[in-house]
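Worksheet: the structure to be examined is printed underneath.
Since every read-out is calculated from the coordinates, none of them should be taken as a lab result. Here the structure is a predicted model, which is why all the values come from computation and not from measurement. Counting neighbours? That spans all protein chains shown, and the Cβs are built from the backbone with ideal geometry, glycine included.
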Amino acid sequence: MITDGARNFQDAWKNEYKQKNFLDKKTEHIRHIHFDGDKNNNKMERLNGEIRDREKVMRSLKKVDSPILSGMQIHHNFIRSHMALDRKTPSDMAGIKIEGNNKWITLIQNASKQ
C-alpha cells in the first residue's frame, strides 16, 4: 500500500491491515513522499481534491453510494481537460474519442444505446 507522508495513513495501516491481517501478512505500507519518479499517488490526490472541493459546497455527501461520485468520475475522465495531459482528457490519452459539441449529452446518448 503506497501513501504519501501523512501520519494518519501509517496509523490507519497499522489499525486495519497489520493488526487485523485484513489482506494478508505480506501487506506492506510504503510511505513515499516524492512528487515524481517511480511511485507516487499524485493522480489519486488530485481526484480526491476535486471530490473534496465539491463535497464542501454540498456540505458533505449524505450517502456512501451517492450518484454524484460516479458523475464526478465521468467528468474527470471524459470531460475535464488536464494541464498535465496537455489539455487533453484521460479518455483522449487512452484513445477514446467523445464526438459532439456537448460531451455530457454524447455520453448519455451512447450509454442509453447499451
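A few points about this structure:
- Between Ile2 and Lys88, the C-beta separation translates, for a Förster distance of 30 Å, into a calculated FRET efficiency of about 0.70.
- Among the listed pairs Lys56/Lys113; Lys88/Lys113; Lys14/Lys63; Lys63/Lys113; Lys14/Lys88, those whose Cα-Cα separation exceeds 32 Å are Lys56/Lys113; Lys14/Lys88.
- Interchain or long-range residues, amide H under 5 Å from Lys88's placed H: His82
- Between amide H atoms placed 1.01 Å from N, distances below 5 Å from Ile2 occur with Ile30, all of them 5 or more places distant or on a separate chain.
- For segment 67-111, the dipole from Cβ point charges (+1 on Lys and Arg, -1 on Asp and Glu) about the Cα centre works out to 60 debye, to the nearest 20.
- Under Karplus coefficients 6.51, -1.76 and 1.60, residue-wise ³J(HN,Hα) of segment 77-82 in Hz, glycine/proline x: 8, 10, 10, 6, 7, 10
- Between Gln109 and Glu45, residue separation times 0.36 nm minus the direct Cα-Cα distance comes to 20.0 nm.
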